[in-house]
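The values are calculated or read from the model by the stated rules, or taken from the named source; none is laboratory data. What you are looking at is a predicted structure, and each value in this text was computed from that prediction instead of being measured. Quick reminder, even Gly has a Cβ in these numbers, built from the backbone with ideal geometry, and neighbours come from all protein chains shown. Side chains are part of the model used for accessible areas, which takes the heavy atoms of the whole protein and leaves out ligands, DNA and RNA. Shrake-Rupley method; radii C 1.70, N 1.55, O 1.52, S 1.80 Å.
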Amino acid sequence: MAGSDAPRAAGALARWIVRRRALVAALWAAAAIVLLPLAGGVERRLQVAARVDGSESARVEGMLVHRFGSPFARYAVLVLEGVPSPATPEGAAVLRRATASAARVPGVTRTFSYLDAPDTLFTGSSNAPAGAATYVIVGLDAARGPADALVPPLRAATAPLADSLRARYPAAALDWTGEAALNFDLRRASAADAARAERRVLPLTLALLLVAFGAVVAALLPVSAGALAIALALGAAAVVTRFFPLSILLQNVVSMLGLGLGIDYALLLVSRFRESLARGLAPDDAAAEAAHHAGHGILLSGLAVAVGFAALLAVPLSEMRSVAVGGLLVVVVSMLLATTLLPGLLAWLGARVDLGRLRRRARPAGVRRDDGGARWRRWGRWVSAHPWRVLVATGLPLAALVAQARRLETGLPRGDWLPPALESARGVHALAAAGRSGVVQTVRVVVELPRDVSALDGDGWRGIARLDSALAADPRIARTRSLPGLLRGNAALVPYVPGDVRGSFVGRDERVALVEAVPREGVEPGELTTLVRSLREADAARLTGVAGARLAVGGLPAFDADYESAIAACTPRVVGLVVGGTFVVLLIGFRSVLVPLKAIALNLVSVGAAFGAVTLVFQDGHGARLVGLAAPLDGTFPAVPLLVFCIVFGLSMDYEVFLVARVAEARRGGAGESEALAEGMARTGPVITSAAAIMIVVFAAFTLGDFVLMKILGFALAVAVLLDATIVRAALGPALLALAGRWNWWPGDSVAESSQERRRRESARTRPLGKSDCAADLRG
């Protein structure tokens, strides 16, 4: 019956894809042959260090390399614990062996420890316990590429020594920490979390799909599509790294979204195909119809998600741009797999898509009334009849949750949030026990002097000493280091200072000098970023007493400040790009003004609710132990709000597009506004429920990892999808559609629909009455 009509109803492109499915499959096979081998080695190509392009902290590092020639422009910290104090002959011998092991690694420029300067800075504070850790500052050659690349060979060099020391000192440990090691460990932990999340999620996802479809083959198709989307996107990322450096955080995004979107898009297409088969269409026609109708929704949804990731490219942070590239790659691959490869596979399978039935009769999701469609249809009719009740009943609790978002703190968390299993975290803890963890957070202040002033005598020398004294007097600073400080202000001793020491503190042209400030124990990262900003805003001439002097501030606290500033500066632009781009995509897709405006408003509600939930759990501590936190955090990382906004804004569009597209389709088929809404909810309710359950499982799996940033992100996305699929799309959205009525489709489809209605009325007046018309009149 409808078999002859289906090809005309399906789009020409959808019919071509189904007819040429062998060619399409061959092209995908060729892509897989090229990209899948690259995906296996992508982790080796991804960087673990974070960068803020063009920042002041990056400029200071560049100055230390090029103008100073400092061997400690980049450095790592080797922490020795459980061994005798370096002030004893036995401890000095151990320290000597450790420094020698590190110095032999290619790329190490110099070491600095108690052996070079018998200072209490290396033996722990007066309150430190006996046998507290000591440490070695190890300079890293900036010309050899990213500093974190040296972390594995450094650890390999000292591991044998640690093993031999434990034979005599059972508690002995040699741990590498510092900015390079922390970056390396955190990003590796992030990649490991992603791999573990995939292993947890796939069996659960398959189980959910088996429940949704009731057939093994139908359930395996979306899972296979999601896994293939991840692999192909990672392979494509490996190609991109040949031209642009990318962060290892890309792996998390690709895994998270590949499992979520890849499976969701395939789920939608398979559901539509089975629905068409159930209506009696031939496999080719059913596949073409699914590719045309479901494909339209998938492309609109994917474009909306892609807009969010594309906007992140405007942020001058290597991590955010890597997240953007990973997100764009996996979204594009997931869309193309669902709309090109999958229709051909379904046409080949035909009725065999129901092989491996788990119950007597397969009940395609969203097709028959006994699978939940009837309940959704009744609910849609009730919402149409009582939209204001629905808005009040569901909107007020959601508004209360959104209101909590105003208290969200976006700075670095206070306290100990590092995963305890990381070697770099153990090193930080050992330094903290010795009262010396501030070494990792050293603030590096570079003074640029006027052309006619030297840093080694006269006003320049006195200016550096004056800045040193001002920093030492700050209650947040424990110790300072500078050339005047080392020589106790005696410039006459400068000629006797070794060249590498002098180069560490004074530039080759003698017009730049370095003052390092080691923070006091217990000073929080937020206080140090405040110190950095105050130094940058300070009058350099007043601090140094040298007219025309300028200050540049670097170090890890300065990097944190630059990171926060870059996020804050770009957030309005990114939000504007996401909102504007989404509006344009939906305006073109639905030829409506009100539909995109309503979708944007509801997406903002979903984002706000996610922020509110993060505030209650991670910041206030309600249920924090359920997500693996021993105590609440006082901050949620600067990157979290922007990442959540961009990802949630796109993901929330999925269900909006699926629902509105089916409502519009029912309306074009002749249904009235209320009945079209009920039909749209009946057709999409079961599918959206299954898709949302899968997404929630995927995102929730990331809350079980050790990397706190991904834990927060996974929780926020899971909450957003849960609220979006239950309250926003099942109640608020339909209620707003019901209130707007035919104005939902202005100015596009409303005119066409009005014309169709007029033609139907004219046809009804002129055609002869049949039995069904008489029966309808009698019922009336």
- What is the one condition in (1) at negative phi; (2) under 19 Å from the mean Cα position of the chain (by Cα); (3) open to solvent by less than 40 Å² (accessible area, probe 1.4 Å) that Leu602 does not satisfy? (2)
- Taking region 74-98 on its own, how many of its residues are open to solvent by less than 10 Å² (accessible area, probe 1.4 Å), touching a helix residue (DSSP H, G or I) at 6+ places or on another chain (Cβ under 7 Å) and of a type in the set (Gly, Ala, Ser)? 2
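Out of all the residues in region 672-709, which are open to solvent by 30 Å² or more (accessible area, probe 1.4 Å) and either farther than 19 Å from Asn603 by Cβ or in contact with an Asp or Glu (Cβ under 9 Å, 6 or more places away or on another chain) (or both)? Give the derivation first.
Within region 672-709, the first condition is being open to solvent by 30 Å² or more (accessible area, probe 1.4 Å), and the residues that meet it are 672-675, 679, 683, 689, 693, 696-697, 700, 704, 706.
If the condition is that a residue be open to solvent by 30 Å² or more (accessible area, probe 1.4 Å) and either farther than 19 Å from Asn603 by Cβ or in contact with an Asp or Glu (Cβ under 9 Å, 6 or more places away or on another chain) (or both), then Gly672, Glu673, Ser674, Glu675, Glu679, Arg683, Thr689, Ala693, Val697, Ala700, Leu704, Asp706 are the ones that fit.
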- Message: Cβ contacts < 8 Å: first residue farther than 24 Å from Leu739 by Cα and in contact (Cβ under 8 Å) with a residue 12 or more places away in the chain, restricted to region 676-699; second residue outside any helix (DSSP H, G or I) and charged (D, E, K, R), any location; separation 6+ or different chain. Result?
- Response: none
- Task: Scan region 447-478 residue by residue and report those that are in contact (Cβ under 8 Å) with a residue 12 or more places away in the chain and assigned to a loop (DSSP other than H, G, I, E, B).
- Result: Leu449, Pro450, Arg451, Val453, Ser454, Ala455, Leu456, Asp457, Asp474, Pro475, Arg476
- Query: Out of region 151-203, which residues are open to solvent by 20 Å² or more (accessible area, probe 1.4 Å), assigned to a helix (DSSP H, G or I), more than 19 Å from Leu709 (Cβ to Cβ) and hydrophobic (A, V, I, L, M, F, W, C)?
  - Reply: Ala156, Ala157, Ala159, Ala167, Leu202
- Within region 710-720, can you find the residues that are open to solvent by less than 20 Å² (accessible area, probe 1.4 Å), in contact (Cβ under 8 Å) with a residue 24 or more places away in the chain and in contact with a Ser or Thr (Cβ under 8 Å, 6 or more places away or on another chain)? Met710, Lys711, Ile712, Gly714, Ala720
- Condition broken by Trp417, with the remaining ones in (1) open to solvent by less than 40 Å² (accessible area, probe 1.4 Å); (2) modelled with pLDDT under 95 satisfied: (1)
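Based on this model, can you work out whether Leu299 counts as out of contact with any strand residue (DSSP E or B) (no Cβ under 9 Å at 6 or more places or on another chain), open to solvent by 10 Å² or more (accessible area, probe 1.4 Å) and in a helix (DSSP H, G or I)?
The answer is yes for Leu299.
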- Item | Among (1) among the hydrophobic types (A, V, I, L, M, F, W, C); (2) in contact with a Pro (Cβ under 9 Å, 6 or more places away or on another chain); (3) open to solvent by 10 Å² or more (accessible area, probe 1.4 Å) - the single one Ala624 does not satisfy | (3)
- Within region 498-505, can one find any residue that is open to solvent by less than 60 Å² (accessible area, probe 1.4 Å), modelled with pLDDT of 90 or more and over 30 Å from Leu633 (Cα atoms)? yes
- Of all residues in region 542-568, count the ones that are in a helix (DSSP H, G or I), buried (at least 23 other Cβ atoms within 10 Å of the Cβ), of a type outside the set (A, V, I, L, M, F, W, C) and out of contact with any Gly (no Cβ under 8 Å at 6 or more places or on another chain). 3
- Query: Applying the selection to region 221-265, what residues are under 21 Å from Asn183 (Cβ atoms) and in a loop (DSSP other than H, G, I, E, B)?
  - Reply: Thr241, Phe244, Pro245, Leu246, Ile248
- Looking only at region 210-219, decide whether some residue is open to solvent by less than 10 Å² (accessible area, probe 1.4 Å), outside any helix (DSSP H, G or I) and in contact with a Gly (Cβ under 7 Å, 6 or more places away or on another chain). yes
- Query: What are the residues in region 55-73 that are open to solvent by 10 Å² or more (accessible area, probe 1.4 Å), touching a strand residue (DSSP E or B) at 6+ places or on another chain (Cβ under 7 Å) and not basic (Lys, Arg), if any?
  - Reply: Glu56, Ser57, Ala58, Glu61, Met63, Pro71, Phe72
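Would you tally the residues in region 99-115 being under 15 Å from Leu150 (Cβ atoms) and either open to solvent by less than 40 Å² (accessible area, probe 1.4 Å) or touching a helix residue (DSSP H, G or I) at 6+ places or on another chain (Cβ under 8 Å) (or both)? First the steps, then the outcome.
Filtering region 99-115 for residues under 15 Å from Leu150 (Cβ atoms) gives 101-111.
Still in the running and either open to solvent by less than 40 Å² (accessible area, probe 1.4 Å) or touching a helix residue (DSSP H, G or I) at 6+ places or on another chain (Cβ under 8 Å) (or both): 101-102, 104-108, 110-111.
Residues flagged as under 15 Å from Leu150 (Cβ atoms) and either open to solvent by less than 40 Å² (accessible area, probe 1.4 Å) or touching a helix residue (DSSP H, G or I) at 6+ places or on another chain (Cβ under 8 Å) (or both) within region 99-115 amount to 9.
Of all residues in region 272-290, which are small (Gly, Ala, Ser) and either open to solvent by 10 Å² or more (accessible area, probe 1.4 Å) or free of Cβ contacts under 8 Å to residues at least 40 places away in the same chain (or both)?
Residues of region 272-290 small (Gly, Ala, Ser): 276, 278, 280, 282, 286-288, 290.
The answer is Ala278, Gly280, Ala282.
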- Message: Could you check region 432-455 and list, in sequence order, the residues that are open to solvent by 20 Å² or more (accessible area, probe 1.4 Å) and of a type in the set (A, V, I, L, M, F, W, C)?
- Response: Ala432, Ala433, Val453
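Gly635 - would you say it is out of contact with any helix residue (DSSP H, G or I) (no Cβ under 8 Å at 6 or more places or on another chain) and surrounded by fewer than 24 Cβ atoms within 10 Å (Cβ to Cβ)? Break it down into steps so the answer makes sense when it comes.
Working: out of contact with any helix residue (DSSP H, G or I) (no Cβ under 8 Å at 6 or more places or on another chain): no; surrounded by fewer than 24 Cβ atoms within 10 Å (Cβ to Cβ): yes.
Here the answer is no, as Gly635 does not meet what is asked.
Taking region 444-467, which residues are touching an Asp or Glu at 6+ places or on another chain (Cβ under 7 Å) and not hydroxyl-bearing (Ser, Thr, Tyr)?
Filtering region 444-467 for residues touching an Asp or Glu at 6+ places or on another chain (Cβ under 7 Å) gives 444, 453-456.
Within region 444-467, Arg444, Val453, Ala455, Leu456 meet the criteria.
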